[in-house]
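Student: Input: one structure, supplied below.
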Amino acid sequence: MPDSSSRRDCLRRLALALPSGLAGCAGPGGAGLDGTSRRNLAKWEFQQRFLASGARFRYLPYGGQGRVWTTQMERLYRTYRSDSRVGYAVKNLHTGRYLAEHQADQLFMGGSMPKPPIAAMLLEKRQGACSYEEFMHIVYVCDKSLNSSWMALHSRLTPADEASFRWRHQLPFSNILGNQLSPRFYAEFFDRCVNYRLDHGCELLLEAMRRDQYGFGRLYLPRHITYAGGKTGNYGEWDHEALFFYHGATPYAITLFTRGNIAPGKMNWALGAMMGGLCREHVAAA
């Protein structure tokens, strides 16, 4: 982990490279900058680092579908919301308040869920200045969930990089490189992205996660909910989904992890029912 003087030197060099309107007192997680300044800094970095590299997304973002909420979906939700094989967290990303949680600190084998956090770790290690190849691996792990790109990013990181990342951003215990994550970890990770609290890559990660192609939960968000993005993960008995979205002007996160083949054969109606049910009970009614 770099010492404080090295950290200050890096931030000073970054500040000198920024437009004058964005240069200021930056620190871990954007300390010393207000929300607007953090967002502007992230957008500048997105333009001057990611887009300037020539890397591009492959898919267009698309939103929730507001499918009819049936009695069958309600029944699935009522069945699984207190199941011992399920863990979830619902968080208001504006106030920081948890609206619902069940086994939120339980670690689950993550499937593909570590891919965006691993991308975030590399963005921080490179101080936002990844190579074209690395940027395209970030695109591939987020919008298409390609395992080969996941391994390419993974190979560039060490346990010390992960420990530094978790400590700097005050994230709950997890083992990102070891594929062990909790619902609370993922809710907090979304919080750091949506509120532009990561040192590097927030705008890129937000844009990338808007283009995930596999989610079921967004299908059952009410039509007035503005879908923003998320990530899915499945492997063997484990099936997971995490979403961040807007209800009015307020951002929320719902993170859901399961084990025990609750959603076999990748026909994840149980995941859609859980995501839709949690939204209706704890967000839409708030």
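Since every read-out is calculated from the coordinates, none of them should be taken as a lab result. Model, not experiment: these values are computed from the prediction. Methodologically, a virtual Cβ is constructed for each residue, glycine included, from the backbone with ideal geometry; neighbour enumeration extends over all protein chains shown.
Student: For the chain, what is the mean residue ellipticity at 222 nm derived from helices alone (per DSSP H run of n ≥ 4: -39500 (n - 2.57); sum divided by total residues; nearest 500 deg cm²/dmol)?
Tutor: Result for the chain: -11000 deg cm²/dmol, rounded to the nearest 500.
Student: Kindly state, to the nearest 0.05, the FRET efficiency for Ala160 paired with Ser53, given R0 = 30 Å and r defined as their beta-carbon distance.
Tutor: 0.70
Student: If I stretch the segment between Lys144 and Leu60 completely, what's the gain in nm (0.36 nm per residue apart, minus their alpha carbon distance), one decimal? Working shown, then result.
Tutor: Values: separation 84, 0.36 × 84 = 30.24 nm, distance 1.18 nm.
So the chain would gain 29.1 nm between Lys144 and Leu60.
Student: Between the helical axis of 132-143 and the dominant principal axis of the chain, each derived from Cα atoms, what acute angle in degrees is found, rounded to the nearest 10?
Tutor: 20
Student: Here is a further query. For a footprinting-style exposure proxy, rank Ser164, Ser148, Ser182 by other Cβ within 10 Å, fewest first.
Tutor: Ser148, Ser164, Ser182
Student: Also, quick follow-up: Among Leu171, Leu146, Leu204, what is the fewest-to-most ranking by other Cβ atoms within 10 Å?
Tutor: Sorted ascending by nearby Cβ count, the order is Leu146, Leu171, Leu204.
Student: Can you give the three extents of the C-alpha atoms in the range 116-257 along their principal axes, from longest to shortest, in whole Å?
Tutor: If we take the Cα atoms of the range 116-257, the spans are 41, 33, 30 Å.
Student: Can you pull the three principal axis extents for the Cα set of the chain, in Å, largest first?
Tutor: Each principal axis gives a Cα extent; for the chain these are 58, 37, 33 Å.
Student: For the range 4-284, please report how many Lys pairs fall under 17 Å Cα to Cα, leaving out neighbours fewer than 8 apart on the same chain.
Tutor: Close lysine pairs under the 17 Å cut-off: 7.
Student: Could you list Met73, Met275, Met121 so that the one with the fewest beta carbons within 10 Å of its beta carbon is first and the one with the most is last?
Tutor: Fewest to most other Cβ atoms nearby, the residues stand as Met73, Met121, Met275.
Student: With charges set only on the Cβ (+1 for Lys and Arg, -1 for Asp and Glu), what does the dipole of the range 206-279 come to about its Cα centre, in debye to the nearest 20?
Tutor: Dipole magnitude for the range 206-279 comes out near 140 debye.
Student: Classify the range 189-286 from the C-alpha gyration tensor, please: rounded if a/c falls under 1.5, else prolate or oblate depending on whether a/b exceeds b/c.
Tutor: Cα axes put the range 189-286 in the oblate bin.
Student: What FRET efficiency comes out for Arg39 versus Ser131 if R0 is 30 angstrom and r is the Cβ-Cβ distance? Round to the nearest 0.05.
Tutor: 0.75
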